[in-house]
Amino acid sequence: MSGKYKNYWGILISVLVAVMLAFLMRYFLFAHIVVEGHSMVPTLHNRDHMIINKLSYKLSKPKRFDIIVFHATKRSDYIKRVIGLPGDVIQYKNDHLFVNGKKMNEPYLRSLKRQSIGPLTYDFKEKVPKGTIFVLGDNRRNSRDSRIFGPVPINKIVGKAEVTFWPLSHFRAVK
């Protein structure tokens, strides 16, 4: 084989390896999602592009206040905030979150509460079953979440939201 063809084979093999690595990373480690809707405002906005870490919950368990993506239906994935973990008793009373009787701070809701007339979250109390988590959207008045469809099985979690990268003005680590 001449030197010219060796160069082409080298380039072809490099491209194939790069494509294979990108596929493996996309399939097992990270995914790109686009936020659809307004249920996570003010934290996330409609059409924000994000990277989710698919490996995160294979190595550890979800934590309270993580923002996750999960399979809501066969065709739809939702993005919400983890509020309750397995065994927790979640209660909202007078627009304040209590977990197992302890009042919790929700700094991500401050701007909405300042603008709001009346409570963002109606009163309720629920125990989170084993093997599930309780999720809410940050925009409590405009969110389909565990208050409607119930707790989410942990095995339905796709991954943890890590970074918003588009539009560039929204570029940041997600908290």
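Derivation of every value follows stated rules applied to the coordinates shown; laboratory data play no part. Being a predicted model, the structure only gives us computed values, none of them experimental. As a convention, Cβ positions derive from the backbone with ideal geometry for all residues, glycine included, and neighbour counts pool all protein chains shown.
Note on the stretch 32-173: along the principal axes its Cα atoms extend 37, 36, 24 Å, ordered by decreasing extent. Between F171 and I11, the modelled label-to-label distance comes to 3.1 nm, taking each label 7 Å out from Cα in the direction of the beta carbon. Separation of the alpha carbons by more than 28 angstrom is noted, of K58/K125; K74/K102; K63/K125, for K58/K125; K74/K102.
From the P(r) of the stretch 56-96, could you give the percentage of C-alpha pairs in the tail past 13 Å? It works out to 66 percent of all Cα pairs. When the alpha-carbon atoms of the stretch 102-175 are used, the pair Rg, Dmax equals 14.7, 40 angstrom.
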